[in-house]
Amino acid sequence: MKNIFFCPEESNFYSNCLENLVIRNCQDCESIVEFGSGDGSPVINSLLRNNFDGIIEGFELNTSAWKAANLTIDEYNLNDKYVIHNSSLFASSQHDASYLIANPPYLPAPDNDIYMPLLFGGIDGAAITNDLLTLGYENVLLLVSSFSNPKSTLQVAKENGYCVENFMILPLRFGYYSSEAKVKNHIEKLRKHKKAFYSGDYYFLAGVLFAKCQDCGIDLSNELAQVMTSL
């Protein structure tokens, strides 16, 4: 999972999506599960800016990131609101939470022999993202990249009974890890097969709130697809 947020824009965007699409819409004492908490900064920043009476339970495999996150949690006295486990969400039992949130690894590549293997999201970049949509949570907030087969993510969401309740979009320039020749060349191949969408050095990152269709009054799946494939 994404253990450190190397791009400040991305970290801030994740935090803003969490605030606007989840925290400010939560009922009192609702619980949230987070996949890949990293250093915890997006959630910590969100909690410091908002009143939230529930609890966020994070999962982070990287021990260094987990320790760093807990130091900051202690510093701001957020232990009653944010608890991070040094383990994998996929290896844990299903948690009784209203929301699952994640900024999952989404770099596409032929294999994980890349500059930062922890950012590897599978051959098309969408493997972990799509797996998270099979866990059965009522609401799922994910960051979805336009160069990581976003159409497959929307299809998996539909197959698992989700609609797109809301979304936010951030244009981003290819960074150090996505510009690695092996990665960039692979993304170009995905583009030829209409599995990656970008323009020049820019791609879209979407913060998407998926909700089970029976609880969703509107479905913006088509609108999101139009935006993500427009580059």
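Numbers below:
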quantity	calculated
Count of residues meeting criterion [part of a helix (DSSP H, G or I) and open to solvent by 10 Å² or more (accessible area, probe 1.4 Å)] in the range 66-88	8
Of all residues in the range 90-130 being in contact with a Phe, Trp or Tyr (Cβ under 6 Å, 6 or more places away or on another chain) and open to solvent by 50 Å² or more (accessible area, probe 1.4 Å), the one that is farthest from K151 (Cα to Cα)	Y115
Flag for T63 being buried (at least 16 other Cβ atoms within 10 Å of the Cβ) and either at positive phi or free of Cβ contacts under 8 Å to residues at least 40 places away in the same chain (or both)	no
Flag for L48 being surrounded by fewer than 22 Cβ atoms within 10 Å (Cβ to Cβ), within 19 Å of L132 (Cβ to Cβ) and touching a residue at least 24 places away in the same chain (Cβ under 8 Å)	no
Neighbours by Cβ (under 7 Å, 6+ apart or cross-chain): first from the range 108-135, in a loop (DSSP other than H, G, I, E, B); second open to solvent by 10 Å² or more (accessible area, probe 1.4 Å) and among the β-branched types (V, I, T)	P108/I123; P110/I123; G121/I128; G122/I128; L133/V156
Pairs with Cβ under 9 Å, 6+ apart, first in the range 181-199 and within 16 Å of G121 (Cβ to Cβ) and of a type in the set (K, R), second open to solvent by 60 Å² or more (accessible area, probe 1.4 Å) and assigned to a helix (DSSP H, G or I)	K195/K151; K195/K189
Residues that are out of contact with any strand residue (DSSP E or B) (no Cβ under 7 Å at 6 or more places or on another chain), closer than 27 Å to P117 by Cβ and in a loop (DSSP other than H, G, I, E, B), drawn from the range 139-173	S148, N149
Qualifying residues in the range 187-231 (those that are of a type in the set (D, E, K, R) and touching an Asp or Glu at 6+ places or on another chain (Cβ under 9 Å)) - the one modelled with the lowest pLDDT	D215
P150 within 23 Å of S11 (Cβ to Cβ), open to solvent by 20 Å² or more (accessible area, probe 1.4 Å) and within 17 Å of the chain's Cα centre (by Cα)	no
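The values are calculated or read from the model by the stated rules, or taken from the named source; none is laboratory data. The model shown is predicted, which means the values in this text are computed figures rather than measured ones. Cβ: placed from backbone, ideal geometry, glycine included. Neighbour counts: every protein chain shown. All accessible areas refer to the heavy atoms of the entire protein, side chains included, with ligands and DNA or RNA removed. Shrake-Rupley method; radii C 1.70, N 1.55, O 1.52, S 1.80 Å.
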